[in-house]
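What follows is a single structure, written as structure tokens, with notes after it.
Laboratory data are not the source of any read-out in this text; all were calculated from the coordinates shown. Please read these numbers as outputs of a predicted model, since none were measured by experiment. Positions of Cβ are backbone-derived with ideal geometry, glycine not excepted, and every protein chain shown enters the neighbour counts.
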Amino acid sequence: MMKSLIRQTVSLLLIVLGMLSAALGLKGFLLPNHFIDGGITGVSMLISTLSRAPLPLLLLIINLPFILIGYLQIGRAFALKSALAIGGLSACLAFVPCPTATDDKLLAAVFGGFFLGAGIGLSIRGGGVLDGTEVLALILSKKVGATVGDVILVLNIFVFAVAGVFLGLEPALYSVLTYMSASKTIDFLIHGIEQYNGVMIVSARSEEIKLAILNDLGRGITVFRGQGGLTEAEQKILFCVLTRLELPRVKQIVTGIDESAFIVIHQITDVQGGVIKKRVVH
């Protein structure tokens, strides 16, 4: 009961921090300099610029269908948290005063994207979204067979193309920079500095390497039995999951034992179960 209450409190705190950060990015950097972001937020900002309709109201109206889709496809908790995040952001934009942070266009694009991306990332960490683009991309990806990232990219290309026509080429290019800054910030907050990587090691001295990684890093290792394609010799293939901070150390361990070892490293979007956290090595 207590753990559940703590989790809900942390989730609520992340959403509140997220909507405040996003509001700062919009009111302090992007809106005064007439830049937009990608996604549903960018569409709302573009419509607001062209029609003079209030942005807080547009954010609520345009995101509402995606909250309903999220309720049907993902669940009630997600929909409630997303409604809270988007409603809170709209309220901040409407009622919370915020001075213009800078008139420098480059700074406005980079830091506006940073604070907006931080807001979206924190909200996702809290279990909701500040932008319905992810929900839309999830639905479309199932229909057209593309990845979520591909769908988001296509949607944003369309948004920035329209922005280039109606706002001018320079504001559209700065808006692309804003989107890039926001995307990198979102990725960092979601995956964090402990982004997981899968490491596969092929070596004739795999047993020594396995023991060294187990004793030095305290990580779990899976051993596959393979066969050399050229020599047809049987050999052990090691696989482990590490954070990016641990990659230099594991490379050092492997090359210190076998300089000719074959190492393959790839990013992992998510991981669950197994010995993900470090074992206590006695």
Original post:
Please state the relative contact order of the chain as a whole percent: Cα pairs under 8 Å, 6+ residues apart?
Top reply: 20
Original post:
Only one of the listed values, [x] 19.3; [y] 20.3; [z] 21.3, was derived from the coordinates as Kirkwood radius over Cα pairs in Å; which label is it?
Top reply: [z]
**OP:** Just tell me, in residue order, which DSSP H segments of the chain are both 20 angstrom or longer along the helix axis (alpha-carbon based) and at least -1.0 in mean Kyte-Doolittle hydropathy.
**Re:** 2-25, 55-73, 76-95, 105-125, 148-167, 169-191
Original post:
Which parts of the stretch 78-92 would a label at Ser4 reach, counting a residue when its backbone N lies under 20 Å from a point 7 Å out along Cα-to-Cβ?
Top reply: 78-82
Original post:
In whole Å, what is the distance between the alpha-carbon centres of the stretch 71-127 and the stretch 158-228?
Top reply: 24
Original post:
Of the peptides 223-232, 5-14, how do they stack up when ordered by the mean number of other Cβ atoms within 10 Å, highest first?
Top reply: 5-14, 223-232
**OP:** Output the pairs from Lys27/Lys184; Lys105/Lys184; Lys27/Lys81; Lys3/Lys81; Lys184/Lys210; Lys184/Lys236 with a Cα-Cα distance over 26 Å in this structure; if there are none, say none.
**Re:** Lys184/Lys210; Lys184/Lys236
Original post:
What is the calculated FRET efficiency for His34 to Phe95, with r their C-beta to C-beta distance and R₀ = 25 Å, to the nearest 0.05?
Top reply: 0.70
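Using the per-residue mean of other Cβ atoms lying within 10 Å as a proxy for protection, in what order, highest first, do the peptides 164-173, 31-40 fall?
In descending order of packing, they fall as 31-40, 164-173.
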Original post:
What is the distance, in nm, between label points placed 7 Å from the Cα along the Cα-to-Cβ direction at Leu153 and at Leu107?
Top reply: 3.3
